[in-house]
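J.: Handing you a structure now.
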Amino acid sequence: MNLKLLGEVFVTLLVILDPPGAVPIFLALTGQMERRHRHRAALQAVALALGVIVAFAVLGRQILGYLHIELPALQGAGGLLLLLVALELLTGKTDDPRNQATTNVALVPLGTPLLAGPGAIVATMLFVRRADDFAGYSAIAVGIIAVMIIVYLVLRFSGLLVRILRPSGIEVLTRIAGLLVAAIAVQLLADAIGAFVTTYLHSPH
């Protein structure tokens, strides 16, 4: 196994996925759920994120090429989706448990685009492009799985914070998470617009 590549994949994806940074958003979206539903949401979110990253690792270039989608468009779509989630967090629409579907919250926005976002997808596609043998591909696979296990454990045991914060603390955390998600969304949109502008300026007229 290519240990150097394994280390690079592990560190890069761990930084991009940022498990501690995902905790406030995860609790904001699942803090009103029962514990078993919150645990299931964590598992579903990580499983979906793993599936999306693996799918793009294997077929990413073919999928985007077939649909004629550029990476900045993927970033922009993720940014718009997160912006809608941020507005719900900031306006309190996620506070009522009756408005929440466990699977929906786990899949969107937790699984994607928060965990399996443009950054993780692009990074994985670049690592796959560098690998040229079984040792390289196995290192990438082990790195991805190791990071996902860490993300799951962090989200799985974030419920300890729910008991500490109580409902009032969760409400405050929800508003803070809304600001964080809005900032992530704006950054994704800004990066996408910048990439489009750069591509346009450098394209032949």
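J.: Report Rg/Rh for region 102-158, rounded to two decimals, where Rg is the Cα radius of gyration and Rh the Kirkwood radius.
T.: Result: Rg/Rh = 1.06.
J.: So if the hydrodynamic radius of region 25-68 is defined as the Kirkwood radius over C-alpha pairs, what does Stokes-Einstein give as its diffusion coefficient at 10 °C and 1.306 mPa s, in µm² per second?
T.: Taking Rh from Cα pairs, D becomes 130 µm²/s.
J.: Please give the contour-minus-distance gain from Ala190 to Ile176: 0.36 nm per residue of separation, less the Cα-Cα distance, rounded to one decimal in nm.
T.: The Ala190-Ile176 span can extend by a further 2.9 nm.
J.: Angle check, please: helix 134-156 long axis (alpha carbons) against the longest principal axis of the chain (alpha carbons), in degrees 0 to 90, nearest 10.
T.: Approximately 10 degrees, to the nearest 10.
J.: Provide Rg and Dmax in Å for region 159-205, with only Cα atoms included in the calculation.
T.: 19.0, 60
J.: If packing is taken as the average number of other Cβ atoms within 10 Å across a peptide's residues, how do 156-167, 28-39 rank, most packed first?
T.: 28-39, 156-167
J.: May I pose another question? How tilted is helix 71-91 with respect to the longest principal axis of the chain? Cα atoms for both, answer in degrees (0 to 90, nearest 10).
T.: The angle comes out near 10 degrees.
J.: Here is a further query. Starting from the Cα gyration tensor of region 1-47, multiply each eigenvalue by 5, take the square root, and state the resulting semi-axes largest first in whole Å.
T.: Here the semi-axes work out to 29, 12, 5 Å.
J.: If you rank Thr12, Thr124 by how much accessible surface each has, with a 1.4 Å probe, what is the order from largest down?
T.: Sorted by accessible area, descending: Thr12, Thr124.
J.: Could you tell me what percent of the accessible area of the chain is made up of carbon and sulfur, with a 1.4 Å probe and every protein chain present?
T.: C and S atoms contribute 69 percent here.
J.: Treating the Cα atoms of region 1-82 as identical point scatterers in vacuum, please give the log10 of the normalised Debye intensity I(q)/I(0) at q = 0.20 Å⁻¹, two decimals.
T.: Those come out to -1.16, one per q.
J.: Just to be sure I understand: if I project the alpha-carbon convex hull of region 1-137 onto a plane and average over all orientations, what area do I get in nm²?
T.: 9.0 nm²
J.: Would you mind counting up the charge near Val147? Only other residues with Cβ under 13 Å from its Cβ, with Lys and Arg at +1 and Asp and Glu at -1.
T.: -2
J.: What number comes out for accessible area per residue over the chain if the probe is 1.4 Å? Units Å², please.
T.: For the chain, the per-residue accessible area is 54 Å².
J.: Next question, about the same structure. Given bins 10 angstrom wide, list per bin the percent of all Cα-Cα distances in region 62-202, short to long.
T.: 10, 30, 33, 19, 7, 0
The values are calculated or read from the model by the stated rules, or taken from the named source; none is laboratory data. What you see is a predicted model, and the numbers here were worked out from it, not measured in a lab. FYI the Cβ positions are ideal-geometry reconstructions off the backbone, even for glycines, and counts take in every protein chain you see. Accessible surface is based on the protein model in full, side chains and every heavy atom, while ligands, DNA and RNA are left aside. Shrake-Rupley method; radii C 1.70, N 1.55, O 1.52, S 1.80 Å.
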